[in-house]
Every structure is written in C-alpha cells, then in structure tokens.
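Data first, discussion second: the structure below is written as structure tokens.
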C-alpha cells in the first residue's frame, strides 16, 4: 500500500486550488462537501466557480498562483491542465508547506483524492493507487446502489445519541445496541414513522438494552478453508464480523485474517509439526476464559475444524465448562488440492472410496491400513505428510505398493502461490527435499494432474 487512506479534518482549514477549468471543477465538487475554507486562483474561471464565489462557498482570486498563496493551507491542488504551470504551482505550494496534488500526475502528488460515496456523515472512499480509475468508478456505482439514501439520516440521528448510549458498557453490549439500531429498529422506524419515530425508537431501544440480562459468551469453532478468502463460507464471514476474540491457527491465511473485525482481539496459537507448538490445553483454556467473561469467541481453524483439527478435545473442554458452542464447517485442503489438479476425489472405475490420512499424530508417525492403501487404484489425501515422507514411502513399499505409484504434493492449495510437486512413491522424499516447500502441503496418493494423467494411458487400466 503506497497511499495510506485517512480521513483529514478540514473544518476551518485552508484548501487552495490553482486552475479554473474542468479539472479544477471536478476537485471542487468534492472539496466543497467538506467544511474547508477554499480559495481558488484562476485567471479564467469557469462560470460555476464565479457562482460559488458569489454564494460565498469559496473565495476566488482572479490571477495566477503566486508565492505565499498556500501558506497555512492543509492541501493544495494544481489543476491548470498545463504541465508546466502545474509543475510551477506544485513547487510553490510545497515551499509554502502544503501537501500537493497535481491532477492526473500520480508521481508528482503527495496525496490522491479517492472516488467517494457520500452518505454524510457516512463516507466511503475508494482508491486504486491511480492504477484503475474505471474500476474505482465501477466499485463506487455498486456501493451507491447498496447503500440506501436514508443511511446518512440514520447516522446523523445516531451521532446525536452517542453520548446517551455511553451508559452502556464498552464492547459487545454497546455494539449490539448500535447494530440493532442501524440494521433493524432504525430503518423500520424511519420507514413507518419518520425522523421523530427514529428518535423515539432509539430511546426505547436504549432502555431495552440497559435492562437486558448480561450477554452470555459463546465459542464458534470455524473452518477457514484452505486459504483462498473466496472459499470462506458466508456463515464464517459473518462470524468474523461479530467476534470479540479470534483464536487462530498458523495456517489461516493473512487474507482471511484481514477480514476480521478491526476491534477484535487476535490470538495466534499456531502449531507446526515437529516444531514449537501451543499446547492444546492452553488453547482450550483461552477459549473458556474469554467466553466465560462474556466474549464471542471464534476458534478459527485452517480447512475444516473436524479434519485433523482436534475438534473433539475442544468440544469436550467447552462442554465441561458449560460454554455454548457451534461448529461451522470449512472446505478441507483435500478438496482444494483435488480441484487444483483438475481431478475428482472419487471416480467410477478407479476408486469408490477416498481416505483422509495424517502423516503424524500426537504419538509421532501415524500408522494406517498400509496393505489396503498399497493396492492399485487407491486414492488418499495425506495431511501433514511432508516430514514423514520417508516413513510413508517405506510402509507402502513394504506392503506391496508399486514404486511408480503417483503421489502429487500440492503446496498452498487454493492460494495464488499454490505449487504442484509431481512425484512417485519411489522418488517422494527426494522430490520433496529438492522442492523445499515452506507452506502447508497435502500429499495426494494415486492422483496426478489431469494433463499428466492423460499422458500416462496405462494408469486407467492399472487402477481399474
């Protein structure tokens, strides 16, 4: 992020604009929505600028920009639509200490003006670092359509009531009050009884929330999916918006963590196979501690919480502490990896079942039904198998698996940096060592990428 988005308080502050044509008009239409003291320097100003000067919405100075014109100004716009003149204006304004925007010149600008959706006092700013103005306008149109024109009125009424609402304690209780106002009571009262009805509804709502019993804490055990934020379920996404505390695994992607409500407390309890790990009993204790204090806790797990996520241990702890909980499934890594390979996990004539296995468990390398796994045509998704690749290889070969049995490793399944590492049983440890994967890896026993499978016609006959 090159341009950091902020909302600058311009009440009573100077803003100067050099130029009187279309570029200046475009900026002025936005700036005049603020409470800034605006001065325009233009030798040939557009009629609208002259009208605004007459209405005292701005001050017009009919001459070119000169040294000292930007003194004490917060912002300065060079909008003459002439490169040489805008360069001169920008240099003078910078010398006066103002932040300068040169219209349509990103490199010469200290700040940029975003596309704005105005539902005063609710303002949505959309920026693309100057890379895609057309895209910004399209996003603006979508947001304009999504936000009702009455939203600004509801926000202004709510703003006037904020002092009264401070009788509610900070945190979830106050947030629940405002949530009910903006999404239920407020719009309903405005539609049926108008502005006065909204004010009365706010007062009644506050009394209801003051008298309400303390909110009970709860825990949602949520699957974050394999990493692509677009594969997050709608239910999971909504819970991330509501959570007070999010206790998350190491493998939850940064893109998904970015979706969490900014005020929520994030606790990283990441585990790494054969490495330093948070103790499971400590994770359970954290969930119980925060939920018992009334917090809404999301225990965010990579993939699906019920697939090698030690879900039962956490449920047992919550039930023992009499904490309310719910399970929200997620897309597990095996599904994402198979999709990345262009393959299904089951296929008529090849395999009627698929196994989810782990390369190691709490006791070390995990033992399985190796004899059946070694049969031709078997398909298995092996989680946490990278460190145990040589152990897996040895067990399968010992029980009769063919050395050329395909095993495809998929690193960072579903993510932009996903990588396919093709291998066979005989080469698996060496191929993984050479590839040096750093992200989460799942081993797909018996599956090749679709294109590679098509190049090996005997596989379908062998696995039939």
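Values in this text are rule-based calculations from the coordinates and carry no lab data. What you are looking at is a predicted structure, and each value in this text was computed from that prediction instead of being measured. Methodologically, a virtual Cβ is constructed for each residue, glycine included, from the backbone with ideal geometry; neighbour enumeration extends over all protein chains shown.
Remarks
- In this rough spin-label picture, where each label sits 7 Å from Cα along the Cβ direction, the residue 71-residue 434 distance is 7.3 nm.
- At 1.002 mPa s and 20 °C, Stokes diffusion of segment 14-113 via Kirkwood alpha-carbon radius, µm² per second: 166
- Degrees separating the helix 186-211 axis from the principal Cα axis of the chain, which is the longest one: 60
- Note on segment 219-325: Cα-Cα pairs beyond 24 Å make up 16% of the total pair count.
- Nearest-0.05 FRET efficiency for residue 370 and residue 316, computed from C-beta distance (R0 41 Å): 0.85
- Stretch gain in nm, segment residue 176-residue 208, where the contour uses 0.36 nm per residue and the Cα spacing is subtracted: 10.4 nm
- Segment 97-124-segment 70-96 distance, computed between alpha-carbon centres (Å): 14
- At R0 = 41 Å, FRET efficiency that the Cβ-Cβ distance of residue 268 and residue 95 yields, to 0.05: 0.30
- Per-residue Cβ neighbour rank within 10 angstrom, fewest leading, 254, 302: 254, 302
- FRET efficiency for residue 132 and residue 353, using Cβ-Cβ distance with R0 set to 60 Å, rounded to 0.05: 0.80
- Neighbour-count order for 4, 177, fewest beta carbons within 10 angstrom listed first: 4, 177
- Over all directions, the projected convex hull of the C-alpha atoms in segment 334-463 averages 7.4 nm² in area.
- Tensor-based shape of segment 151-211 (alpha-carbon gyration tensor, a/c under 1.5 rounded, otherwise prolate or oblate): prolate
- Segment residue 200..residue 233, full-extension length gain: 8.1 nm, with 0.36 nm per residue of separation and the alpha-carbon distance subtracted.
- Distance between segment 278-349 and segment 366-394 - C-alpha centres, whole angstrom: 24
- The antiparallel fraction among DSSP beta bridges confined to the chain stands at about 40%.
- DSSP bridge pairs, segment 224-383: antiparallel proportion in percent, nearest 5: 25
- Each distinct pair of alpha carbons in the chain adds a 1/r term; the inverse of their mean, the Kirkwood radius, is 27.3 Å.
- Gyration tensor (alpha-carbon) shape descriptor, segment 168-269, a/c threshold 1.5: prolate
- Taking the longest Cα principal axis of the chain as reference, the axis of helix 311-320 is set at about 70 degrees.
- To the nearest ten degrees, helix 151-160 and the longest principal axis of the Cα atoms of the chain are 80 degrees apart.
- Alpha-carbon centroid distance for the pair segment 224-242 / segment 139-199, whole angstrom: 26
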